[in-house]
Amino acid sequence: MPDASDSDSTHTGTPPEDVFRHGLELLLAKDFEGWVDLWADDGTFEFPFAPPSAVRHLEGKPAVRAYMSAYPHHVDLHAFPDIRVHRTGDPDVVIAEMRAEGRSVATGQPFEMSYVAVVTVKNGLITHYRDYWNPLTALEVAGGTDAPFAGAGR
């Protein structure tokens, strides 16, 4: 599958890979409100690998905002050193492979997590984001508590 950054988009409007990459820039800038502004009002956010007691599905921008409001209390994000964004047969959908690096706010220890995300963007806004991440790493970030899993939308 080609890397989306290697060729021009035939998608009308803002290409989904551009929206996705801009979102990562906003997260690194600690502009979580700006990141949430990239979402459609009725966008959905899913976490298929979340533990059973954790948030697994968020519906709508207010739920995404509430969930993300806790993020800076858990992770001080420093970099996304490895990012690969792939196009799919659907011009609105990209698949991203990435690694995040930072620091756990609770423990002060280094944070590193790999992700795969399937992201749908329509009219320049995220309408669906399926985030595959390791819940064991998230627990380590919180110092063994379930804090990273708190939020709206269980």
J(HN,Hα) series, segment 23-30, from Karplus relation 6.51 cos²θ - 1.76 cosθ + 1.60, nearest Hz, glycine and proline x: x, 5, 4, 5, 4, 5, 7, 6
Segment residue 82-residue 115, length gained on full extension (0.36 nm per residue, minus Cα span): 10.9 nm
Residues whose placed amide H lies under 5 Å from that of residue 14, excluding near-sequence neighbours: 124
Per residue accessible area of segment 1-120, 1.4 Å probe, in Å²: 49 Å²
Table column - 3J(HN,Hα) (Hz), segment 85-95, Karplus curve with 6.51, -1.76, 1.60, x for Gly and Pro: 10, 10, 6, 10, x, 9, x, 8, 10, 10, 10
Distant-in-sequence amide H partners of residue 111 (H built 1.01 Å from N, under 5 Å): 102, 103, 104
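The values are calculated or read from the model by the stated rules, or taken from the named source; none is laboratory data. Being a predicted model, the structure only gives us computed values, none of them experimental. With ligands, DNA and RNA removed, areas are computed over all heavy atoms of the protein, side chains included. Shrake-Rupley method; radii C 1.70, N 1.55, O 1.52, S 1.80 Å.
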